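Nothing in this text is a laboratory measurement; each read-out follows from the coordinates by a stated rule. The shown structure was predicted, so the numbers you read here are calculated from the model rather than taken from an experiment. Note: ideal-geometry Cβ built from the backbone for every residue, glycine included; neighbour counts use all protein chains shown.
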């Protein structure tokens, strides 16, 4: 179904989708115990990454001992993650279609948000595992740090690359959220009421939106968070990348856990509460107790925190594959 | 020395003076058979007067209609005198409260009252004279009185007196605590009434805006915790609204009336405390109803109602511990335990009231005026902010 999803909708198409969605959502009743569906080839799930590609993403940072830009580090992190997802969908010598993956970029001199796939996948919305396997851009080497029996060893490892670092222009985050909602609405309509594990949306940004005020951003986030499959609401997670030395805040439990920064508070309100199945992993990462709900966001994150965050955001759902 | 001498109407005089005793009655009377006098002594003992009697150990006394055992159960000490030389313990004197002496030929018998020629002298206030008689009384006690180790009956009496003391003390404490608790509750009531009349509308407006704001926020963020917050505010609105609409005006009394009210209240609590009647459910239920009415009347500062209940309890012999009823150690223990539990409950309730926000404010300043004016400023500010926030959405 993923290939039928259009990355850009005409106004008339959007109206049609909205009508279909209303019917679909009214027929789909949420389970009393949400987030329990298994991810199978017949009931796949989706992951959608929103990547800030604005001008500020070319800020230099130090990552794994090397000076790099934020855009480079994000691209590397995402490519590594896609590679890992692909590997984990390999079962008994065959590639299983557990996930459909989308990447939306915003910035890069464009006033609108866009599909960030490149090369043969350019312009696509969600892509299947087999498409991901067949259409990478290039194969590079990456430095991997491993700790074996207390000794850190550095080795080179081949890495497939799907996206290259991009940066420039403003930060139309609202447009990215709206586009994500467009894609997800189509994805959910196409589900035809199947009991699918809900899609997870991870927005990675380093700055404030330039195309909407708080209310508009919250409304756009709400459009995503109110979408649901029979198994639960779509989850929206936000990562704020920082080049400062502040301590990152991962998965806060209350708004007080965050600095009294308007932007931090906005991201907190935009982000979903994480379902209970994530709690153990989150508690392990944050060393905080299990009581109360965690909100799916990271503030002042460095790349290391981003990697941990993405691990939790994605591996819990990978654990539900069957 | 002011001495009165009577040759007739001796019995009424005697009964009159005995019933006036406050602390102590020590009487050495050869023959004691008059049941009416026994009643007077038991009533005194019930009031807490220590009564000691020395009587002749002979047939006249033993065959009289007086049940000496009942007297003893009332805590009255009875000493039987056996004069070893063959004579009699022939005294007829009585010392009341260590200052009043009654003596003469008169025995506490019906014969003495009806047929005989008798005399009785009374000196009402002469501690020195009383002392002379008490010295003789103590000698008689030493001669005929109990040797402590061998007298279990005396132990029982002592025990009864100990229990009585312990119970009276704890009753007084309960009365004091109950009054304290009621006073705190009155202050809190006052707070809510003043809050209602000065800031009620503002407070409800603030809460309803807060609820409205939380509702919108919950809709926007789709978060459970925001939904719970909204529900919390809504419940708070309902709670405050109910509390304010129930708040009644508290009457302020002048100092003397207030003092009198407190005294009446404390006494009435002791008289009618339901825990005393654990052996009699019907009585206990009645006492419970009266206690509830009493507390409500006190909190209304309704002196006439409190006095009415006080009078009712005072008149009714139905209320108050029946000291005449024979009780064993277990019974005493049960009554005492119940009272102690009630006391502890009150202490807990008072401790909670003392940390109540309202009481804390009251203790710091003594009134709520400043608190209310601060609160008004804060509420007005908050309302302005909330209105602004709700408009921009």
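Given labels modelled 7 Å from the Cα in the Cβ direction, how far is it in nm from residue B:388 to residue B:58?
10.5 nm
For the protein assembly as shown, would you read off the P(r) tail past 34 Å as a percentage of all alpha carbon pairs? Provide the component values of the computation, followed by the final result.
Working: 168870 of 255255 pairs.
Value for the protein assembly as shown (Cα pairs over 34 Å): 66 percent.
Return the single residue from B:337, B:221, B:186 with maximal mean-square fluctuation; model: Gaussian network over chain B, springs between Cα atoms under 10 Å.
Ranking B:337, B:221, B:186 by mean-square fluctuation puts B:221 first.
Gap in Å between the Cα centre of segment A:233-305 and the Cα centre of segment B:1-52?
88 Å
Does anyone have the angle between helix B:224-246 and the longest principal axis of chain B? Alpha-carbon axes, 0 to 90°, nearest 10?
Computed tilt is about 50 degrees.
Once each part is reduced to its C-alpha centroid, what is the distance from segment B:115-145 to segment B:213-285 in angstrom?
Distance between centres, Cα-based: 60 Å.
What do you get when you divide the Cα radius of gyration of segment B:3-145 by 2.2 N^0.38 Å, with N the number of residues?
Working: Rg = 13.9 Å, N = 143, 2.2 N^0.38 = 14.5 Å.
Cα Rg divided by the expected 2.2 N^0.38 Å: 0.96.
Stokes-Einstein D for chain A at 10 °C, 1.306 mPa s, Kirkwood Rh over Cα pairs, in µm²/s? Kindly include the intermediate steps, with their values, before the conclusion.
Numbers: Rh = 20.0 Å.
Stokes-Einstein gives a translational diffusion coefficient of 80 µm²/s.
Could you calculate the FRET efficiency of residue B:13 with residue B:292 from 1/(1 + (r/R0)^6), where r is the beta carbon distance between them and R0 is 41 Å, rounded to 0.05?
On the way: r = 45 Å, r/R0 = 1.10.
In this case the efficiency is close to 0.35.
How much length would be gained if the chain were fully extended between residue B:259 and residue B:347, taking 0.36 nm per residue of separation minus their Cα-Cα distance, in nm to one decimal? Write out the running numbers ahead of the final one.
Details: separation 88, 0.36 × 88 = 31.68 nm, distance 2.24 nm.
Full extension from residue B:259 to residue B:347 adds 29.4 nm.
Would you please state the base-10 log of I(q)/I(0) at q = 0.10, 0.14, 0.15 1/Å for segment B:162-392, with intensities from the Debye formula using one equal scatterer on every alpha carbon?
One equal scatterer on each Cα of segment B:162-392 leads to -0.64, -0.95, -1.02.
Could I have the simple spin-label model distance between residue B:128 and residue B:280, label points 7 Å from Cα toward Cβ, reported in nm to one decimal?
About 4.9 nm separates the two model spin labels.
Using the alpha-carbon atoms, what tilt in degrees (0 to 90, nearest 10) does helix B:255-271 show relative to the longest principal axis of chain B?
The two axes meet at around 60 degrees.
Quickly estimate the mean residue ellipticity at 222 nm for the protein assembly as shown, helices only: each DSSP H run with n ≥ 4 gives -39500 (n - 2.57), and the total goes over all residues, rounded to 500. Each step should come with its number before you reach the end.
Numbers: 22 runs with 364 residues, N = 715.
When only DSSP H runs of four or more count, the value is -17000 deg cm²/dmol.
Take residue A:289 and residue B:172, extend 7 Å from each Cα along the Cα→Cβ direction, and tell me the distance between the two endpoints in nm.
4.8 nm
Between helix B:329-355 and chain B, what is the angle of the helix's C-alpha long axis to the longest principal axis, kept within 0 to 90° and rounded to the nearest 10?
The angle comes out at about 30 degrees.
Could you give the distance between the Cα centres of segment A:174-231 and segment A:32-70, to the whole Å?
14 Å
When the chain is fully extended, how far beyond the present Cα-Cα distance does residue A:195 get from residue A:14, taking 0.36 nm per residue of separation?
Working: separation 181, 0.36 × 181 = 65.16 nm, distance 2.44 nm.
Gain on extension, residue A:195 to residue A:14, equals 62.7 nm.
Which values of log₁₀ I(q)/I(0), to two decimal places, follow from the Debye formula for chain B at q = 0.06, 0.08, 0.15 Å⁻¹ with a uniform point scatterer at every Cα?
Log10 of I(q)/I(0), two decimals: -0.43, -0.63, -1.28.
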